[in-house]
Structures are given as structure tokens and as C-alpha cells.
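Just below is one structure, and these are the notes that go with it.
Just so it is clear, none of the values below were taken in a lab; they were calculated from the coordinates. None of the values given here were measured: they were computed from a predicted structure. FYI the Cβ positions are ideal-geometry reconstructions off the backbone, even for glycines, and counts take in every protein chain you see.
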Amino acid sequence: MEVFIYRTLDVEEDAFAALLKGANGPLRHLRFSEGPFLTLEAVTEVVRAACNGQGNLETKAIFGVIKEIRKRADLAPDTVIVLLSRVRHAGNWFSIGEGNSHYMHADDWNLFMATSFRLPVTFLLASNIIMRGMYDTLEELTYRAHSDARGCIMDLCGHKQEISLKLRTADACPECMGRIRSRIRSGHLDANVAIDCFRVMDRVRRDLMFRRRWRLDPEPGRLTISGYGQQMDLPGRRISMSPIQRALYQFFLLHPEGVRLVDLRDEHHIRRLVQLYQVMANKGTLAEQATVIRGVAEDVDGKLQQHLSKMRRAFREALGFREAGLYTVNGDPGEPYRIRLYRQFVNWTDREGQPVDCGPITEIT
Ligand SMILES: [Zn+2]
């Protein structure tokens with residue numbers, strides 16, 4: 001089963017790509033992909049035209065928009081379409097769905113959950129697919145929704161903060177489980193798809209639990225760099241970065257005082273970067289490797305910024321926005337960029353297992 005997600009221009013490329021990657025990861029019988037045959041501009045235009053005077057979307061307008069998208073993209077009525085936008089529903093519902101037409105709001109999540117829209121929307125994608133199979137109409141779904149929150153996907157959540165119980169259980173109550181089973185038996189819901197959906201919700205739950213436990217610890221989690229590939233790990237999580245990004249990260253670890261991005265192109269900094277990169281580089285000759293990392297340091301085609309933003313995303317995907325800030329390379333334009341983590345929380349050993357000294361252990365002001 002394939003689900004097409006159409007987004008408006010205000011849903012950023014990067015975050016959307018991370019959403020698709022994360023959501024599709026554990027799936028076998030279900031696939032979420034960017035909706036075909038319509039540009040972001042076209043989708044955005046259709047949404048804008050449907051807004052009321054306050055710039056919001058009434059329920060009817062949402063289904064009207066999806067109908068228009070379906071028509072313009074020439075998709076069959078049984079194709080599942082999701083509209084993802086930062087334009088809000090007039091009643092502030094963050095998700096609404098009937099049959100094969102669904103809407104999800106991509107904004108304001110971090111006010112309640114210290115996370116971008118990625119995890120909650122991933123959860124909604126999965127839970128909406130299950131609910132779509134449970135009930136045929138929005139009326140019936142609304143009627144059956146639980147006004148008393150019981151940690152079930154059918155809990156009626158009027159506000160974004162109320163969804164956190166659902167996310168924590170990622171489950172259906174016995175009554176709804178019975179309904180899901182009977183709808184599977186009667187052919188309204190594919191068992192494999194339902195299992196896939198629970199798998200996705202489980203993944204979101206685990207990610208959020210990991211972050212919650214993380215926040216309980218008064219000390220920052222130790223960052224370990226070790227082994228042949230000089231991989232980076234936090235307790236219980238690998239931070240996946242390319243060799244170029246790991247080299248850049250190590251460079252900033254070695255400079256607790258910070259370095260201005262324009263100064264990266266200084267010869268002695270480039271020499272250091274080349275050295276660090278060549279330890280991990282897995283393609284090209286030594287000369288090619290030196291050229292590649294020099295290009296990054298000189299920000300050719302905006303490569304430096306791209307890598308820095310991918311490095312930030314790697315930490316954010318593991319820890320959430322707020323906690324990631326301690327580990328990421330940050331700075332104001334024109335000012336030194338640095339990693340705020342005190343270096344006593346870094347365990348770095350080189351390929352031979354020898355400790356690497358990365359500066360003073362106390363705070364740099
Ligand atoms: Zn229930």
C-alpha cells in the first residue's frame with residue numbers, strides 16, 4: 001500500500017526527507033512517498049485559495065483541497081492522500097482524516113514536545129492509516145473516539161499536548177483492538193499494513209522514551225569516538241555522520257575556544273582538517289581527499305553549511321531539538337563556531353585506542 005504525501009512550501013525539504021526516511025524505515029507493506037505530478041507551488045496555491053479570512057482551513061476546505069489535488073494529479077479515488085502543511089485547521093485540529101483523504105498540521109509541535117513535527121507526524125501517519133481501516137466515515141470515527149484518554153490511538157486529543165499519552169503507549173485499547181481484528185477479518189483492513197503501522201508507532205515511542213530518560217540525567221551523556229571508523233556514539237545511540245562530517249566535528253572538538261567559519265580556510269586549519277579526514281576517508285586518493293575537504297572548508301557551493309546542518313540534524317534526530325544544542329557546532333554569523341559540551345564528557349580514543357586530548361575540561365567563556 002502506498003500513501004502519497006503532498007506538502008505546502010512551508011514544510012521544509014530537509015525535515016520532510018527525514019520524516020520519510022524515518023517513517024519508511026521499519027515498513028514492509030506500506031510506503032510513504034512524496035505525492036507525484038504536482039509541484040509544491042501548485043499544492044500551496046490550492047491551499048491558499050481554500051483558506052478562510054483568517055488564513056486557516058475549515059474542515060470542508062481541507063477535503064476540498066485534497067479532492068482538487070486528486071483531480072489535478074489524476075489519482076484514483078482509492079489512492080491515500082495526505083496533505084501536510086503549516087497552514088492550520090480553523091478549529092486547530094492537528095489531524096483530520098476520512099477514507100483516503102487526510103490532513104496533518106506540521107507546526108507548533110515543539111511547543112509541547114520539544115520535537116519538530118517529524119516524530120508526531122510519523123505517528124499520525126501510522127495511526128490515521130489504522131483508523132481509516134477501522135471506520136468508514138469521519139462522523140463514525142468522531143463518534144467512536146474516546147473522550148476519556150486511555151492511551152489508545154482512538155483517544156480524542158483536542159490539543160497537541162494531549163497526544164503525548166497516545167505516543168507513550170503507541171497502542172490500542174482492548175475495545176479498539178477487537179474492532180481492528182474484526183475489520184481485518186471482514187477485509188476492510190490489511191493485517192500486514194496494520195502490523196506495519198504499529199511498528200512505526202513503536203519506533204516513535206522508543207525515540208521519545210529515549211529522549212525522556214535522557215532529560216532525567218543531570219549530567220550530559222558522554223560522547224564516545226572510537227574504533228577504526230572513529231564512529232560517534234552517545235549512550236544507547238550511534239550518531240550517524242559521513243567521514244567528512246566526523247572530521248569537521250573532530251576539528252571543532254579540538255577547538256573548544258571556537259573558530260570562525262571564514263577562518264577554516266586558513267592553511268594550518270586546512271592541514272588539520274585534511275589530517276583528520278584522511279584517517280576516515282573511504283574513497284579517493286590522498287590528493288583527492290585533500291581537495292574534497294579543502295572544498296568544504298572553503299565553503300564551495302555552500303558545502304560547509306550543508307555539512308554543518310546535516311551534523312546538527314544527526315544530533316537532533318537522536319536527542320530532539322533542545323538537548324542536541326549542547327553537542328552541535330553552533331555560532332552566530334561572523335563569530336566563532338564551537339561545540340558547547342564540556343570536554344570532560346568526551347571519550348575520544350584514536351584507531352590505536354590511545355586517548356585523544358581535546359582541550360581543557362572546564363567551561364570556556
Ligand atoms: Zn480505544
Across the alpha-carbon set of the stretch 170-273, Rg over Rh with Rh taken as the Kirkwood radius works out to 1.26
Between SER164 and GLU298, the FRET efficiency computed from the C-beta separation at R0 = 45 Å comes out, to the nearest 0.05, as 0.50
If you take every DSSP beta bridge fully contained in the chain, what fraction is antiparallel? Give it as a percent rounded to 5.
45
Taking amide H positions as placed in the peptide plane 1.01 Å from N, state which residues far from ALA149 in sequence (5 or more) or on other chains have amide H under 5 Å from it.
none
Direction-averaged shadow area of the convex hull around the Cα atoms of the stretch 114-217, nm²?
6.6
On a 0 to 90 degree scale, rounded to 10, what angle separates helix 13-24 from the longest Cα axis of the chain?
70
Considering only DSSP beta bridges with both partners in the stretch 223-348, what is the antiparallel share in %, to the nearest 5?
75
Using the Karplus equation 6.51 cos²θ - 1.76 cosθ + 1.60 (θ = phi - 60°), what ³J(HN,Hα) coupling, rounded to whole Hz, does each residue of the stretch 221-238 give in order, writing x for Gly and Pro?
x, 6, 9, 10, 10, 7, x, 4, x, 6, 6, 10, 10, 9, x, x, 9, 8
For a label point 7 Å along the Cα-to-beta-carbon line of ASP10, residues of the stretch 25-39 with backbone N under 20 Å
35, 39
So which trypsin sites (Lys or Arg not before Pro) in the stretch 192-241 end up in coil per DSSP with only 16 or fewer other C-beta atoms within 10 Å?
ARG222
At R0 = 41 Å the Cβ-Cβ FRET efficiency linking ARG260 and CYS51, nearest 0.05, sits at 0.40
Taking the alpha carbon gyration tensor of the stretch 32-72, what are the square roots of 5 times its eigenvalues, largest first, to the nearest whole Å?
19, 11, 9
For the stretch 296-365, taking Cα atoms only, what is the radius of gyration to one decimal and the Dmax to the nearest whole Å?
14.0, 37
Mind jotting down the distance between the C-alpha centroids of the stretch 146-195 and the stretch 23-89, whole Å?
23
Which pairs break 30 Å Cα to Cα here: LYS21/LYS67; LYS21/LYS160; LYS71/LYS303; LYS21/LYS166; LYS283/LYS310; LYS166/LYS303?
LYS71/LYS303; LYS166/LYS303
Output wanted: per-residue J couplings in Hz (rounded whole) for the stretch 284-300, from phi through Karplus 6.51 cos²θ - 1.76 cosθ + 1.60, θ = phi - 60°, x for Gly and Pro.
x, 7, 4, 5, 5, 4, 4, 5, 4, 6, 5, x, 5, 4, 8, 6, 5
Mind checking the angle between helix 267-280 and the chain's longest principal axis? C-alpha axes, 0 to 90 degrees, to the nearest 10.
60
Nearest 20 debye, what's the magnitude of the dipole of the chain about its Cα centre given +1 on Lys and Arg Cβ and -1 on Asp and Glu Cβ?
820
Cysteines without a disulfide-compatible neighbour (Cβ-Cβ under 4.7 Å), the chain
CYS51, CYS157, CYS176, CYS197, CYS358
For the stretch 150-210: span of alpha carbons on each principal axis (Å, largest first):
35, 23, 16
Divide by every residue of the chain the summed helix terms, -39500 (n - 2.57) for each DSSP H run of at least 4, and state the resulting mean residue ellipticity at 222 nm, rounded to the nearest 500 deg cm²/dmol.
-14500 deg cm²/dmol
What do you get for the angle between helix 59-72 and the principal long axis of the chain? Use alpha-carbon atoms, 0 to 90 degrees, nearest ten.
80
Projected onto their principal axes, the Cα atoms of the stretch 223-348 stretch, largest extent first, over whole-Å spans of 36, 35, 25
Taking the convex hull of the alpha-carbon atoms of the chain and averaging its shadow over every direction gives an area in square nanometres of 21.1
Restricting everything to alpha-carbon atoms, can you work out Rg to Rh for the stretch 2-216 with a Kirkwood hydrodynamic radius?
0.94
Which is the longest run of the chain containing none of the GluC sites (Glu not before Pro) found in DSSP loop states (not H, G, I, E, B) with at most 11 other C-beta atoms within 10 Å?
1-256
In angstroms, what radius of gyration and Dmax does the stretch 74-174 have, counting Cα atoms only?
13.2, 41
